[in-house]
Amino acid sequence: ISSAFAPSDFRIEWSSPKREMLPVGEPHSISIQQPLGVLAPGVYPVVVRVFYTDAKLYPFSALSVTEFVRGRAECFPSRIWALMADARLRQQGRLVLRMRNTAQEPQAVTTRLVLPQEFSAEPPFVTQTLQPAQDSRVTFHVKNFSARAGSTYPVYALVESEQNGLHQTAIAQASLSTIAGSVLKPYQSAFLAAAAILLGLIIALNVRKARR
């Protein structure tokens, strides 16, 4: 299990001891204590990854994101509204994040996409300034390295900003599903053209026979 406390200005990572096997239905919990030093009040994202293998030693990962609050959570509502749509892909695809600044002043925003280890994304993060009531749309290009077809993974966009000395975080969650790719896809155009020609020949032969 790997955990990352990941505000935009610094990053703390921690990994648990490896457990050789977790029996079916058995719960497992861990706890950590980590000094944070000087940290501004606010809400910060915490990313938790679980790495495991099945009985055939095929590697998988599970991902979740939660929040860490320094101070009183009700004092730090994010002024950024964020929503990310679900996506499906074979080897490549896109995740689209929509944002809106609901504050009455400009917001400097850093957005990062958090993916399971089976995927990668470009760009890894985007920094921009949103004016009051401004909408923004960010597109992440995602590549599938090792996710099996038919799998569905949770993915997260972390939208962080600073306002009046307070750290704010908005978390948008979506589902990323993998679908089977066709082995004929690289040659699809050629196959379709050949099929059209063959169909045309069959029709022509049938027309000639009918005229006889």
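The values are calculated or read from the model by the stated rules, or taken from the named source; none is laboratory data. All values reported here derive from a predicted model rather than from experimental measurement. Using ideal geometry, Cβ is built from the backbone for each residue, glycine included, and neighbour counts are taken over all protein chains shown. Surface accessibility is based on the protein's heavy atoms, side chains included, excluding ligands, DNA and RNA. Shrake-Rupley method; radii C 1.70, N 1.55, O 1.52, S 1.80 Å.
Miscellaneous remarks
- Residue 136 vs. criteria under 14 Å from residue 63 (Cβ atoms), assigned to a strand (DSSP E or B) and of a type in the set (Ser, Thr, Tyr): no
- Pair list, Cβ < 7 Å and 6+ apart or interchain, from the stretch 114-133 residues that are among the aromatic types (Phe, Trp, Tyr) to residues that are open to solvent by 10 Å² or more (accessible area, probe 1.4 Å) and assigned to a loop (DSSP other than H, G, I, E, B): 119/145; 119/147
- Among the residues listed as 67, 26, the single one being in contact with a helix residue (DSSP H, G or I) (Cβ under 9 Å, 6 or more places away or on another chain) and open to solvent by 70 Å² or more (accessible area, probe 1.4 Å): 67
- Residue tally, condition within 17 Å of residue 71 (Cα to Cα), at pLDDT 80 or above and under 25 Å from the mean Cα position of the chain (by Cα), over the stretch 1-58: 5
- Residues of the stretch 90-112 satisfying the condition of being open to solvent by less than 20 Å² (accessible area, probe 1.4 Å) and either among the aliphatic types (A, V, I, L, M) or assigned to a loop (DSSP other than H, G, I, E, B) (or both): 95, 97, 99, 103, 109
- Here is the figure for the stretch 41-57: residues that are free of Cβ contacts under 8 Å to residues at least 40 places away in the same chain and not in a strand (DSSP E or B) total 4.
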